[in-house]
Amino acid sequence: METEVIVIEESDMDEEALEGLKKAGQIIRDGGLVAFPTETVYGLGGDALNPLSSKKIYAAKGRPSDNPLIVHVANMDDLADIVKEVPEAARKLADAFWPGPLTMIMNKNDKVPYETTGGLDTVAIRMPNNKIALELIRQSGGYIAAPSANTSGRPSPTVARYCVEDLSGKIEMIIDGGQVGIGLESTIVDLTSEVPMILRPGYITAQMLEDVLGKISIDKTIIDSTSTEKPKAPGMKYKHYAPKGDLMIVQGAQDNVVSYINDKSQQAMAEGKRVGVIATDATKAMYRADVVKSVGNREDESTIAHELFKVLREFDDEQIDIMFSESFDDSGIGQAIMNRLLKAAGHNIKSV
Ligand code: TXA
Ligand code: MG
């Protein structure tokens, strides 16, 4: 299949952009697939209420079909159309954070096919904060099921060229809306348990949710990397975000981290390996390796969230065999950053 790529600027949605989105909406109505930008990562969208569309999404990503999709809506009123009942907590959280990087899990009604929810009786729903995404949902005339627009297991795309790399020839259209704002997938909170539970950390932190809801809990498999329990979000159990080369996270005092990474890099380069280092603005100049990239500024960890997946992908482009990364604070958005980085590294973390 020929994949059409169209470019739309979110800040300049003119007539032509609208025409493009109408066409994209029609593709989704007809049961086809369109990759599109959201504020978190690019999504691979299909009609959420069409079981065949969901099947196509799994096939295009190479994703196991027990890993449910997130349904994207453009209006708060749409919720009542696809869930059994809208919990009070959902109204409060939507008021506070929608449109935005928060996905809520509720009990689905019969309209939502099991193909979309990976066989579960619950459905994950989010209203993205991106004008292109919202207009696409409206133009599709319904709701859009969209996982991240990457081949299963690879880092989520934060720029359109990585959607092209993974999905070209497999879907009808890719909308290039530039680099996304946040860079990590939405926070997922399950509202079907008595105490709402975070199943995946993201830009909306536990503290922000507690400020609105009072007590919440966190799926312990997220914070305890040694836990052998099954994560409550099926997708969190799969290998994820993995770059092609081996990645090791190194944590400790800055001087120790820098000298450990430089020693190990030397050794690996002497063995003929291509070595990459994920540094920060303050440390970038201290490393000696084939490729050294700053992922952002520790003073503002949202800069790190913004660049992390892109940097992981760029190391693949550079044919890097071995990567070392600095470690990050595990608070606020740092919890989401470390969650993704640990998965990308297969939990290979060294204290020095
Ligand atoms: O920011 C995001 O959420 C992006 C953009 C495109 O919106 N989407 C995204 O989708 O990250 P995906 O499919 O890559 O991740 C969805 C996660 C998976 O871990 C899945 O297991 C979990 O959500 N999930 C979906 N429905 C669920 C449900 N009913 N119960 C538990 N977990 C669910
Ligand atoms: Mg994903």
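Computed from the Cβ-Cβ distance with R0 of 22 Å, the FRET efficiency linking D246 to M286 stands at 0.50.
Across the range 246-351, the relative contact order, built from alpha-carbon pairs under 8 Å that are at least six residues apart, equals 39 percent.
Volume of the convex hull of the range 294-343 (Cα atoms only), normalised per residue: 71 Å³. Using Cβ point charges alone (K and R +1, D and E -1), the dipole size of the chain about the Cα centre works out to roughly 1080 debye.
Could you pull out the pairs from K61/K237; K264/K284; K237/K293 whose alpha carbons sit more than 21 Å apart here? Pairs exceeding the cut-off: K237/K293. Using equal-weight Cα scatterers in the Debye expression, the normalised intensity of the range 152-205 in log10 at q = 0.27, 0.29, 0.30 Å⁻¹ is -1.05, -1.13, -1.17.
Ordering 207-218, 99-110, 40-51 by mean Cβ neighbour count within 10 Å, with the highest value first, yields 40-51, 99-110, 207-218.
Taking amide H as placed 1.01 Å from N in the peptide plane, M248 has its amide H under 5 Å from the amide H of M323, F324, S325, each at least 5 places away in sequence or on another chain. The calculated FRET efficiency for N75 paired with Q254, based on their beta-carbon distance and R0 = 35 Å, is about 0.15.
Simple rule: put +1 on each Lys or Arg Cβ and -1 on each Asp or Glu Cβ in the chain, find the dipole, and look at G183, S156, N297; the Cα lying farthest toward the positive end is S156.
If R0 is 22 Å, what FRET efficiency do you get for E16 and S168 from their C-beta distance, rounded to 0.05? Efficiency at R0 = 22 Å is approximately 0.45. Sort out for me the Cα centre separation of the range 103-146 from the range 33-82, rounded to whole Å. Cα centroid to Cα centroid, the span is 6 Å. Dividing the Cα radius of gyration of the range 246-351 by its Kirkwood radius returns 0.93 for Rg/Rh.
Calculated over the range 4-237, the projected area of the Cα convex hull averaged across directions stands at 11.6 nm².
Projecting the Cα atoms of L69, I28, W98 onto the charge dipole of the chain (Cβ charges, centred on the Cα centre) puts L69 farthest toward the positive pole. When only Cα pairs below 8 angstrom with a gap of at least 6 residues are kept, the range 4-237 shows a relative contact order of 27 percent. Contact order, relative form, for the range 274-332: 41 percent (alpha carbon pairs under 8 Å, 6 or more residues apart, mean separation divided by residue count).
Altogether, the Stokes-Einstein calculation at 25 °C and 0.890 mPa s, with the Kirkwood radius of the range 24-104 over Cα pairs as Rh, returns a diffusion coefficient of 174 µm²/s. Spin-label model, E210/S193: points 7 Å from Cα along the beta carbon direction are separated by 1.6 nm.
Solvent exposure of the chain amounts to 42 Å² per residue of accessible area, where only protein heavy atoms count and the probe is 1.4 Å. Modelled this way, with points 7 Å down the Cα-to-C-beta line, the labels at D224 and A270 are 4.1 nm from one another.
The values are calculated or read from the model by the stated rules, or taken from the named source; none is laboratory data. Predicted model, so just to flag it, every value in this text is computed and none were measured. When we count neighbours, we look across all protein chains shown, and the Cβ atoms used for this are built from the backbone with ideal geometry, even at glycine. These area figures cover heavy atoms from the full protein model, side chains too; ligands, DNA and RNA do not enter into them. Shrake-Rupley method; radii C 1.70, N 1.55, O 1.52, S 1.80 Å.
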